[in-house]
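Notes follow once the structure below has been shown.
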Amino acid sequence: MSTFRIAVFASGDGSNFQAIVDQVHAGTLDVHIELLICDNKTAKVIQKAEEAGIDVFVFDPKAYESKQQYEAHIVEELKERNVALLVLAGYMRLLSSTLLTPYQGRVINIHPSLLPAFPGKNGLQDAMEYGVKVTGCTVHFVDDGMDSGPVIAQRVMDIKEEDTLALLSQKMKQLEHQLYPEVIQQCREGRIILKDRRVIVAKDIGGN
Ligand code: GRF
């Protein structure tokens, strides 16, 4: 199979980015991580990319006149590098049509709740405070809304009385680190397709 190039978008610590890198190194994920795209020059994920020898495109949104302008710059970079899939992993910005139109059906995100419940910045904390007994993580196609695109796969976990946010965050990261590389590999194999806002999965990968 020919090389399948991905770009990871992240703004923070980059534990999901690292999980993807690790699986590529282990040979269980057959993609080339072409680029990390980051909107925060102090983010820890940048160091992780540098250590792994992955190119980084860091930009300051404030240095551009508009979102359209910086997204156009990103698209230029992605096109030059022949990137096939955009993988959002803790990228704290909504995408506009400048990025979404040319990459229709080729942008995915991971979110720490069972969408459509608890979208937004604090998915896990919101679920905990609401008092739900089960939560989990979701990988979905990205549209221009907040965590609102068609769902690809989910993994679940229990919330127990004695659980703290710190403990649940740790468990959530473990779930995410398993699920995300798995979904990326399925995308790479052409098994996950978006058609008319419906996700078509060749093989069930959504179970636990
Ligand atoms: C993850 O919980 C992911 O679900 C959310 O942002 C967080 C990123 O964490 N979208 P990390 O930077 O990968 O550790």
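With every protein chain left in place, what is the accessible area per residue of the chain in square angstrom, probe 1.4 Å? Numbers along the way, then the final one.
Details: 10600 Å² over 208 residues.
With the other protein chains kept in place, the chain gives 51 Å² per residue.
Roughly what % antiparallel, to the nearest 5, for the DSSP beta bridges in the chain?
50 percent
Quick one: pull the percent of accessible area on the chain belonging to carbon and sulfur, 1.4 Å probe, ligands and nucleic acids left out. Spell out each step's value before the answer.
Values: 5100 of 10600 Å².
It is 48 percent, rounded to a whole number.
If I take R0 = 22 Å and measure r between the Cβ atoms of residue 44 and residue 170 in this structure, what FRET efficiency does the formula 1/(1 + (r/R0)^6) give, to the nearest 0.05?
Computed FRET efficiency for residue 44 and residue 170 comes out at 0.85.
At each listed q (0.12, 0.25 Å⁻¹), what is the log10 of I(q)/I(0) that the Debye formula gives for the range 1-105 modelled as equal alpha-carbon point scatterers?
The computed values of log10 I(q)/I(0) come out as -0.37, -1.54.
What full-extension length gain, to one decimal in nm, is calculated for residue 13 and residue 189 as 0.36 nm per residue of separation minus the Cα-Cα distance?
Details: separation 176, 0.36 × 176 = 63.36 nm, distance 2.82 nm.
Net length gain for the segment: 60.5 nm.
Quick one: if you stick a label point 7 Å off each Cα along the C-beta vector at residue 161 and residue 117, how many nm between them?
For the pair residue 161/residue 117, the computed spacing is 2.0 nm.
Hey, if you drop one equal point scatterer on each alpha-carbon of the range 34-80 and run the Debye formula without solvent, what base-10 log of I(q)/I(0) do you get at q = 0.15, 0.22 Å⁻¹?
With no solvent term, the Cα-only Debye profile gives -0.40, -0.78.
Using the scaling law 2.2 N^0.38 Å as the reference, what is the normalised Cα Rg of the chain?
Details: Rg = 16.5 Å, N = 208, 2.2 N^0.38 = 16.7 Å.
Normalised by 2.2 N^0.38 Å, the Cα Rg of the chain equals 0.99.
As a test of the formula, what do you get for the chain when each DSSP H run with n ≥ 4 contributes -39,500 (n - 2.57) and the sum is divided by the residue count, at 222 nm and rounded to the nearest 500 deg cm²/dmol?
Counting only the DSSP helices, I get -10500 deg cm²/dmol.
With 30 Å as the limit, write out which pairs from 160/195; 48/79; 41/79; 48/195; 41/133; 41/195 have Cα-Cα distances beyond it, or answer none.
Numbers: 160/195 38 Å; 48/79 24 Å; 41/79 23 Å; 48/195 35 Å; 41/133 37 Å; 41/195 36 Å.
Distance filter (> 30 Å) returns 160/195; 48/195; 41/133; 41/195.
The values are calculated or read from the model by the stated rules, or taken from the named source; none is laboratory data. Only a predicted model underlies this, so the values are computations on that prediction, with no experimental measurement involved. All Cβ positions, glycine included, derive from the backbone under ideal geometry; neighbour counts span all protein chains shown. What goes into the accessible areas is simple: the full protein's heavy atoms, side chains included, and nothing from ligands, DNA or RNA. Shrake-Rupley method; radii C 1.70, N 1.55, O 1.52, S 1.80 Å.
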